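Written below as structure tokens is the structure these notes are about.
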Amino acid sequence: MKLKVIIEPGEDSGFVAEVPALPGCRSQGQTRAETLQNIHEAIEAWLEVEQDKVDRLVSPRDVELMEV
């Protein structure tokens, strides 16, 4: 999966990253490299939380995989 990550200088120092496609998915770090690692972890956590929400709402019999 490819996602656009926007990295900007932080207000005081370091960098701030956000993923526009994932509402509320943000992170920060002191260096660009640290910020990229942190946002990668934030994306994984965001996706895991969203999947858990879906899993609680949908019973297995309501799920069908379809290729289009």
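What follows draws every value from the coordinates through simple rules; no lab data is involved. Keep in mind that this is a model prediction, so the values were computed, not measured. Virtual Cβ from ideal backbone geometry, glycine too; neighbours counted across all protein chains shown.
General remarks:
- Local electrostatic count, Ser27, Cβ distance below 14 Å [Lys/Arg +1, Asp/Glu -1]: -3
- The average projected area of the chain, computed from the convex hull of its Cα atoms over all directions, is 5.8 nm².
- Mean-square fluctuations from a GNM of the chain, with a 10 angstrom spring cutoff on Cα atoms, peak among Glu41, Glu50, Glu11 at Glu11.
- Dipole size of the chain about its Cα centre, with +1 on Lys/Arg Cβ and -1 on Asp/Glu Cβ: approximately 120 debye, rounded to the nearest 20.
- Net lengthening on full extension, Val49/Arg26 (0.36 nm per residue, minus Cα-Cα): 6.8 nm
- Between 0 and 90°, nearest 10: helix 32-57 axis offset from the chain longest Cα axis: 20
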